[in-house]
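What follows is a single structure, written as structure tokens, with notes after it.
The values are calculated or read from the model by the stated rules, or taken from the named source; none is laboratory data. Being a predicted model, the structure only gives us computed values, none of them experimental. Reconstructed Cβ throughout: ideal geometry from the backbone, glycine too, with neighbour counts over all protein chains shown.
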Amino acid sequence: MASLTIRNLDAGAKQRLRERAARNGRSMEEEARALLGALDHPASGDDSQDTAATALGPTPLREADRTVLAGKRILLIISGGIAAYKALDLIRRLRERGARVRVIMTAGACEFVTPLAVGALAADKVYTDLFSREDEQDVGHIRLARQCDLIVVAPATADLMAKMAAGLADDLATAVLLATDRPVLLAPAMNPVMWSHAATRRNVAQLQADGIALIGPETGEMAESCETGRGRMAEPLQIAEAIIRHLVPGRRPLKGRKAIVTSGPTHEPIDPVRYIANRSSGRQGHAIAAALAKLGAEVTLISGPVTIEDPAGVTMVHVETARQMLTAVEHAMPADIAVMVAAVADWRVVHAADNKIKKKPGEGPEPLELEENPDILKAVGHADDRPAIVVGFAAETANVLANAQAKLQRKGADFIVANDVSPDSGVMGGTRNAVRIVSPTGVETWPDLDKQEVAMRLAERIASALVGNEAGGALQQGSR
Ligand SMILES: Cc1cc2nc3c(=O)[nH]c(=O)nc-3n(C[C@H](O)[C@H](O)[C@H](O)COP(=O)(O)O)c2cc1C
């Protein structure tokens, strides 16, 4: 069983653990052990239960992240949706990253959260009134519109987006949004039917054509009803990450780090013209290599045969078979990070023919004798010079979560990115992916995202984990 040090958990995680323990009538240590036990003995094959899904919450804030938004001025507009309560957490996330946050609330927003709570978290006055005598003496709405680096609307209601698309300015929020020359990021949040309504579709298209950026909405359960669908506001941390990407585009937290990424399928020859292959396009692996490079890592991308272009800014190694891929990985070691995305063929033909196997009329096909290929992820995860962060992918068509959890320990990985590649998911060969991140501290379910977005989020997560590991992980799994 794993050894753990609760004392080393950050205050937030400790508090959540305390609350869980109290709810379940256990000591904190018993509760932590129960969580780890859930990972050791996952509910067999039942993917509907994220047994440890809530686990211990987000990774502690890295020291470098405490200043990532230093000097940046964010104007946050909160409009009147049920997700307004999440704006409180967003303010906290932005301020702990060094940003100055000014807030405008619509009249609708004030029905959901109070300006008092918002002002206390922002440590500033909250603006609500367009016709304020106090603020409008020096045309306050123009000042608010210009004295910021970015305007973020979270949550952005259907109503507010409609007004923006039409260029209305009948309250402080809309007047500021019309009077600004700063970039604007919207985090829409609404009922799925509102989101898919033709009017909202038109308004979103208009806003995007006007150069306004959107994050989310996500697919999931609605806060106010039992409905599920697309319309849930992106989580505050995701919005904070999008803001950082917007405001600090050249940030390179992985500068000086070496990363190895494998991508694509492998081809295992049967004869000179035939081979065993799979449907992997290499899109996800290539996007991860590019994302790690964007964050400053020196990346070696080892790719099986694919038809997509090599990403810029990485060292490419093209291979065909699993054994060639393993040799290339070993050659690229040591590294700080290894992300094994390639869909490596499990088996190869024992004796690939030197010449094309000829069909013999009247005789059936010759049986193919197969043998197991090397397990590249396991080899890296258990290597003497194991990278500090090892990430594996679990492409499954059934029991996705249970298989990923089992893989985590067996392969010696820090994270397993689990994805469902059953034919109707469209993941293999497609441009989108819905993944779950399985780690010793829990399971995170990410929404259905573009593969580039999955890659960027994973690269950010790897950067956090790398620094977290160096500071001494809060919970350590006993064996790797
Ligand atoms: C309980 C409740 C929840 C609501 N949640 C949302 C929501 O999540 N998204 C949305 O677009 N509108 C929502 N509305 C409707 C808005 O509050 C309404 O359109 C309002 O005029 C928005 O004003 P604002 O855009 O100026 O803030 C909700 C209304 C109520 C009463």
*Of residues in the stretch 199-215 being away from the ligand (no atom under 13 Å from the Cβ) and within 17 Å of residue 81 (Cα to Cα), the one surrounded by the fewest Cβ atoms within 10 Å (Cβ to Cβ)*: 214
_Failed condition for residue 123, given (1) crowded, with 18+ Cβ neighbours inside 10 Å; (2) farther than 28 Å from residue 195 by Cα_ = (1)
*asked:* So for the stretch 190-198 (the condition being closer than 16 Å to residue 79 by Cα, part of a helix (DSSP H, G or I) and within 15 Å of the ligand (Cβ to nearest atom)), does at least one residue qualify?
replied: yes
*the stretch 159-175, residues that are assigned to a loop (DSSP other than H, G, I, E, B) and either within 10 Å of the ligand (Cβ to nearest atom) or in contact (Cβ under 8 Å) with a residue 24 or more places away in the chain (or both)*: 170, 171
*Taking the stretch 245-257 as the region of interest, how many residues are buried (at least 20 other Cβ atoms within 10 Å of the Cβ) and either of a type in the set (D, E, K, R) or part of a strand (DSSP E or B) (or both)?*
1
*When residues of the stretch 136-158 are limited to those that are under 29 Å from residue 218 (Cβ atoms) and among the small types (Gly, Ala, Ser), the one farthest from the ligand (Cβ to nearest atom)*: 145
*asked:* Testing residue 260 on (1) within 30 Å of residue 204 (Cβ to Cβ); (2) not in a loop (DSSP other than H, G, I, E, B), one condition comes back false. Which one is that?
replied: (1)
*If a residue has to be under 25 Å from residue 249 (Cβ atoms), surrounded by fewer than 18 Cβ atoms within 10 Å (Cβ to Cβ) and of a type outside the set (Asp, Glu) to count, how many in the stretch 297-343 make the cut?*
5
*Please state which of the following conditions residue 64 fails to meet, knowing it meets all the rest: (1) small (Gly, Ala, Ser); (2) more than 16 Å from the ligand (Cβ to nearest atom); (3) over 28 Å from residue 445 (Cβ atoms).*
(3)
_Members of the stretch 373-393 found to be without any contact (Cβ under 8 Å) to a residue 40 or more places away in the chain and either within 22 Å of the chain's Cα centre (by Cα) or not assigned by TED's automatic domain parsing to the domain that holds residue 322 (or both), listed by number_ = 377
_1 or more residues over 22 Å from residue 164 (Cα atoms), within 16 Å of the ligand (Cβ to nearest atom) and not acidic (Asp, Glu): qualifying helices (runs of 4 or more DSSP H) within the stretch 73-135_ = 84-96, 115-122
*Hey, could you check the stretch 231-249 for residues that are in contact with an Asp or Glu (Cβ under 7 Å, 6 or more places away or on another chain) and of a type in the set (D, E, K, R) and say which is farthest from residue 294 (Cα to Cα)?*
232
_Scan the stretch 222-244 and tell me whether some residue there is within 11 Å of the ligand (Cβ to nearest atom), outside the structural domain of residue 316 (by TED's automatic domain parsing) and outside any loop (DSSP other than H, G, I, E, B)._
yes
*What tally of residues in the stretch 352-366 results from selecting those that are in contact (Cβ under 8 Å) with a residue 12 or more places away in the chain and either surrounded by fewer than 10 Cβ atoms within 10 Å (Cβ to Cβ) or under 24 Å from residue 262 (Cβ atoms) (or both)?*
3
*asked:* So the check is Cβ under 7 Å with 6+ separation or different chains; which pairs have a first residue in the stretch 322-344 that's under 22 Å from residue 420 (Cα atoms) and assigned by TED's automatic domain parsing to the domain that holds residue 285 and a second one that's among the aromatic types (Phe, Trp, Tyr) and at pLDDT below 95?
replied: 340/393; 341/393
*Could you figure out which of (1) touching a Phe, Trp or Tyr at 6+ places or on another chain (Cβ under 9 Å); (2) surrounded by fewer than 23 Cβ atoms within 10 Å (Cβ to Cβ) isn't true of residue 235?*
(1)
*Among the numbered conditions (1) at negative phi; (2) loosely packed, with under 15 Cβ neighbours inside 10 Å, tell me where residue 187 comes up short.*
(2)
